[in-house]
1. For residue 305, are the conditions met, namely being in contact with a Ser or Thr (Cβ under 6 Å, 6 or more places away or on another chain), buried (at least 17 other Cβ atoms within 10 Å of the Cβ) and farther than 30 Å from residue 430 by Cβ?
2. Looking at the range 390-473, what strands (runs of 3 or more DSSP E) fall wholly within it and have at least 3 residues that are more than 16 Å from residue 358 (Cα to Cα) and modelled with pLDDT of 90 or more?
3. Which ones in the range 438-468 are out of contact with any helix residue (DSSP H, G or I) (no Cβ under 6 Å at 6 or more places or on another chain), closer than 30 Å to residue 273 by Cβ and open to solvent by 40 Å² or more (accessible area, probe 1.4 Å)?
4. Counting just the residues of the range 95-125 that are open to solvent by less than 50 Å² (accessible area, probe 1.4 Å) and in contact with a Gly (Cβ under 9 Å, 6 or more places away or on another chain), which one comes out nearest to residue 68 (Cα to Cα)?
5. Restricting to the range 310-339, give me the number of residues that are part of a loop (DSSP other than H, G, I, E, B) and either open to solvent by 20 Å² or more (accessible area, probe 1.4 Å) or closer than 18 Å to residue 435 by Cβ (or both).
6. Specify which of the listed residues (210, 202) is open to solvent by less than 20 Å² (accessible area, probe 1.4 Å), in a helix (DSSP H, G or I), modelled with pLDDT under 90 and farther than 30 Å from residue 278 by Cα.
7. Taking residue 128 as meeting all but one of (1) touching a helix residue (DSSP H, G or I) at 6+ places or on another chain (Cβ under 9 Å); (2) in a helix (DSSP H, G or I); (3) open to solvent by 30 Å² or more (accessible area, probe 1.4 Å), write down the number of the exception.
8. Can you pull out every residue in the range 169-183 that is outside any strand (DSSP E or B) and either surrounded by fewer than 19 Cβ atoms within 10 Å (Cβ to Cβ) or in contact with a Leu (Cβ under 8 Å, 6 or more places away or on another chain) (or both)?
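The values are calculated or read from the model by the stated rules, or taken from the named source; none is laboratory data. Quantities reported herein were computed from a predicted structural model and do not represent experimental measurements. All Cβ positions, even for glycine, are placed from backbone atoms using ideal geometry, and neighbour counts span all protein chains on display. Remember, those area values only see protein heavy atoms, side chains included, never the ligands or the DNA or RNA. Shrake-Rupley method; radii C 1.70, N 1.55, O 1.52, S 1.80 Å.
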Amino acid sequence: MSGTSPEPVSDQAGVAVDPALAEKSAPRPAKLGPVGWARWFWRTLTSMKTALILLFLFALGSVPGSIWPQRGVSDGKVAQYFSDDPQLAEWLDRFWLFDVFRAPWFAAIYLLLFVSLVGCVLPRTAAHLRELRRKPPAPPRNLVRLPQNASFDGDLTVEEAAARLRAKRFRVTTGPDWVAAEKGYLRETGNLVFHVALLGLLVAVGMGTLFGYRGNVLVVEGDGFANTVAAYDRYMPGQQVSAESLEPFSFTVDDFQATYIARGERQGQPLDFGAKLKVTDAPGARERDYELKVNEPLDVNGTLTYLIDHGYAPTFKITDGKGQVAFDGPVPCLVAQPATFTSECVIKVPDAQPQQLGLLVAFLPTTVPMNGQWVSVFPGAANPTAQVYGAFAGDLGLKSGRPQSVYELDPASLKKMKPLVMKADPLAVGKKLDLPNGTGSIEFTGVKEWIALQITYDPGRVPAFVSAALAVLGLVLSLTVRRRRVWVRLKPRAGQEPDGATPQTEERDGHDRRHIEVGGLTRTEGSDFSEEFDEIVSALNTGEKDDR
């Protein structure tokens, strides 16, 4: 019935107790409290399961860095993302997918993994050190119950059994009538070395981020470079790097040579690249020659200079409408067609009078006519020409305050400029094109080449290499070495007195024969110990030495 009061309950003595009072007096689980929760969090964080999860997340978090272009490495491609799809690029940028390795979430995974590995490795290292000092345990009572066992009669002594097991690189301890041996400690050692190497790898990456720097620079043949912040086209220092941290070296690019396959199906494919440098390691030091190649960087006290790209830099002399030389020098051009190295050049002449000039030029390394057009058919400069396909006069917009790329004319300013020439005939070296309305002329004076260099200093490079090598070594040890134990017990043979007395026939033969039991146990799951155990039994039974 509804409204009926709950029936009374009885305690252990049989006395009726009000259910409400019983509920209040029932024991409740104790709360963890701040210390308990901290202890639980630390144990969870330092468990092997958590370390493996964090290691997987660390690898998974690195994947976006190879899918999307990263700032500081491919700034142009990042800008292209914002130009092609601004909304998608904005959302990607909110999650730091254009700057993965500096993202807060990536740093959180990195730090948690580091702490987890430290908390996991230190206790295991202490336990392993104690294990190394501990002697192999005494044999169990019944060796015949072990997975590997054998028995035979012989005159083997405890000392002889110990010596033969030591010859097989076992750690041995002995008792009155038994021998215990164990080996395979390198398995756990390798496991610990692997985890310590992972810690070293994380520390090396952190060292490179804090104390290293990276920069890119474009240098034309005949020009030089000094390792200063102002000389870089793009400079990305670590948090602890200052201008005084840079190695004070310099060099001049004397020549750059690129060789290509001239004939056959692989015509035009590159064979080799090399830049001849004159290097000064420090101010006042003697100049030395060095040939910079793709996989042979210049190394100056740990600062590495890599050759990462190259292209053409044709030279032009531009005369303005007043007859003055407004520009004279090389123009680095961007490669438009890598197969033939057809390149696009932009020339801005802000000092031209009476109007500023902007020119768009196509550089053709090996020029031939084809279908009424001029094209390049080979990447080498066998017949170089420069074709002006756009010349404009007017304000270049350089004083507007908006940043402009040196490799393109500002579209907003270009709409206001007056077109002068649209697709002229190619100019050979030494030829000149007069611009209309007395605005000046452009002369193609020669061909140079430019090289793009990446200069890096990473103090964690060598530690990272050593850590990676140790990780591989530790992994090999942990996967190939097996932990195993062997016990030998010597018993009196049947018919022999417990105190070692032998029957009269054996005394006359001069032998003290015993019944010998051998047992083996592997401490590594899934490993086969039978073949090695048979060899051990054979060595103990025959007395033959086996140093394998």
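1. Considered against the rule, which asks whether it is in contact with a Ser or Thr (Cβ under 6 Å, 6 or more places away or on another chain), buried (at least 17 other Cβ atoms within 10 Å of the Cβ) and farther than 30 Å from residue 430 by Cβ, residue 305 comes out as no.
2. Qualifying strands (runs of 3 or more DSSP E): 440-457.
3. 443, 445, 447, 448, 454, 457, 461, 462, 465, 468
4. Top of the filtered list is 97.
5. 8
6. None of the other options fit; the residue is 202.
7. (3)
8. Hits for the range 169-183 are 169, 175, 176, 177.
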